[in-house]
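First the structure, in the form of structure tokens, and then the observations on it.
The values are calculated or read from the model by the stated rules, or taken from the named source; none is laboratory data. Since we're looking at a predicted model, the values are computed, not measured. The accessibility values were calculated without ligands, DNA or RNA, using every heavy atom of the protein model including side chains. Shrake-Rupley method; radii C 1.70, N 1.55, O 1.52, S 1.80 Å.
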Amino acid sequence: MSVTPLVSQVDSPNSVKSELLPPLLGASVTELTAWVQQQGQPSYRGKQLHDWIYHKGARSLADISVFPKNWRSQVADIPIGRSSLHYRSVAPDDTVKYLLKLADGEIVETVGIPSDKRLTVCVSTQVGCPMGCDFCATGKGGYKRNLNRGEIVDQVLTVQEDFQERVSNVVFMGMGEPLLNTENVILAIKSINQDVGIGARSLTLSTVGIPSRIRQVAAHQLQITLAVSLHAPNQALREQLIPSAKPYPIEDLLAECREYVEITGRRVTFEYILLAGVNDLPEHALELSKRLRGFQSHVNLIPYNPIQEVDYQRPNRDRIEAFVNVLQQQNTAVSVRYSRGLEANAACGQLRTTKR
């Protein structure tokens, strides 16, 4: 049967576009209500559909028992938009890596990270990644395509169902560069917040930095955490580690980050992967602190997680502490994050669509 296009919010906060449903996952209760009415059903079916998709784990419209049998049979072939589990592995620290098969057969990776007080999901936004960061496994496999909003939201629901526990936090730090898929990422953030029910301040959007895209995100006033993958205190070293950074000078990136702070009132987190002998020297820390002076920001240091393709090394604790001490002496807010899931190749920078 035919499906009627619906209208939904997209990249600019004041613009709209027709978005074809299916898939239904990622759609708001308003969109779903409009859709069921266009199929000749009463409006209250929209809220029922929304509840079954986001809270009861429906994977097919045929599963929704509150719908009339006749209508269920008519719409049984319309996909909700759920993926299938291709592979699952558990690290010694209980972090779980999932390889999810999408409708077109592509594979994407998701990570569930449990702790005593929270369950965090690291979601992917693209199949592969075109950014080519030298220390990251994802970019070594090339880029296939963007994920749609439903494919992003599906990752959160998958982890929530597997753990039988509500997800408390979502980080957009998986495969792909989120701001090369801004439209779908913004829609997914809104759905995770409003439909799945996870607070906006528990969502973190990570980006290497794409010209003008941070400004676009700021215009939505989402109250999320913005994490910018800086990884170097100057343009020359940044280009060495992130070749795609060449057309976007670090000065321009930081200027856009300052605009983000002014527009949203939210500080920016700067992610900095520490690579032994490359970007972890005290002079690098001093240069970084000068770059961020007077900035409402926080530096999140991530000791390097090894991958097979390159021979970078993780600095020892003394070097990490020395770097931290320089930043603290310069009154730069800093913390160190040791990634989970290292043994399952599910840690930061290790994501790839392999079963290793």
(request) Quick one: what are the phi-derived ³J(HN,Hα) couplings along region 220-228, Karplus 6.51/-1.76/1.60 with θ = phi - 60°, whole Hz, x for glycine and proline? (result) 7, 6, 7, 6, 8, 8, 9, 10, 9
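Starting from the residue with the highest accessible area, list Trp52, Trp35 in decreasing order, probe 1.4 Å. If you can, show how the numbers build up before the last one.
On the way: Trp52 40, Trp35 0 Å².
From most accessible down to least: Trp52, Trp35.
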(request) Using Cα pairs closer than 8 Å and at least 6 residues apart in sequence, work out the relative contact order for the chain, in percent. (result) 15 percent
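In region 142-182, carbon and sulfur make up what percent of the accessible area (probe 1.4 Å)?
Numbers: 640 of 1310 Å².
So the carbon and sulfur contribution to the accessible surface is 48 percent.
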(request) Quickly estimate the mean residue ellipticity at 222 nm for the chain, helices only: each DSSP H run with n ≥ 4 gives -39500 (n - 2.57), and the total goes over all residues, rounded to 500. (result) -9000 deg cm²/dmol
(request) With springs only between Cα atoms under 10 Å apart, run a GNM on the chain and tell me which of Arg266, Arg213, Arg118 wobbles the most. (result) Arg118
(message) Keeping all protein chains in place and using 1.4 angstrom, which order do Val75, Val278 fall into by accessible surface area, from largest down?
(response) Val278, Val75
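On full extension of the chain, what length is gained from Phe163 through Arg88, given 0.36 nm per residue of separation minus the C-alpha to C-alpha distance?
Gain on stretching Phe163 to Arg88: 25.8 nm.
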(request) Give the whole-number value, in cubic angstrom per residue, of the convex hull volume spanned by the C-alpha atoms of region 117-217. (result) 104 Å³
(message) Please enumerate, by chain and number, the aspartates and glutamates with C-alpha under 12 Å from the C-alpha of Lys101, excluding those fewer than 8 residues away in the same chain.
(response) Glu109, Glu151, Asp154
(message) Run the numbers for Asn234 and Gln313: contour at 0.36 nm per residue of separation, minus the present Cα-Cα distance, in nm.
(response) 26.4 nm
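For the chain, what is the percent of antiparallel DSSP beta bridges, rounded to the nearest 5?
Working: 24 of 48 bridges.
Percentage antiparallel, nearest 5: 50.
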(message) With an 8 Å Cα cut-off and a minimum separation of 6 or more residues, compute the relative contact order for region 181-289 in percent.
(response) 28 percent
(request) Name the long-range amide H neighbours of Val334: under 5 Å, sequence gap of 5 or more, or other chain; modelled H, no Pro or chain starts. (result) Val299
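With every protein chain left in place, what is the accessible area per residue of region 72-228 in square angstrom, probe 1.4 Å?
Values: 5510 Å² over 157 residues.
That works out to 35 Å² per residue.
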(request) Could you pull the accessible area for Thr264 with a 1.4 Å probe, rounded to 10 Å²? (result) 20 Å²
(request) Could you list the square roots of 5 times each eigenvalue of the Cα gyration tensor of the chain, that is, the equivalent ellipsoid semi-axes, sorted largest first and rounded to whole Å? (result) 38, 22, 17
(message) Of the candidates Thr30, Thr110, Thr158, which one comes out as most mobile in a Gaussian network treatment of the chain with C-alpha springs shorter than 10 Å?
(response) Thr30
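Given Lys56/Lys117; Lys190/Lys290; Lys69/Lys97; Lys97/Lys290, which pairs have Cα atoms separated by over 32 Å? Mind dumping the intermediate values first?
Numbers: Lys56/Lys117 23 Å; Lys190/Lys290 35 Å; Lys69/Lys97 37 Å; Lys97/Lys290 38 Å.
Beyond 32 Å: Lys190/Lys290; Lys69/Lys97; Lys97/Lys290.
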(request) Quote the accessible area belonging to Glu262 in square angstrom, nearest 10, computed with a 1.4 Å probe and with ligands, DNA and RNA left uncounted. (result) 150 Å²
(request) Show His86, His284 ordered by accessible area, largest first, where the area counts protein heavy atoms only and the probe is 1.4 Å. (result) His86, His284
(request) Considering only Asp104, Asp77, Asp51, give the residue with the highest GNM mean-square fluctuation for the chain, with springs between Cα atoms whenever their separation is below 10 Å. (result) Asp104
(message) Could you tell me the extents of region 65-167's C-alpha atoms along the three principal axes, largest first, rounded to whole Å?
(response) 55, 36, 20
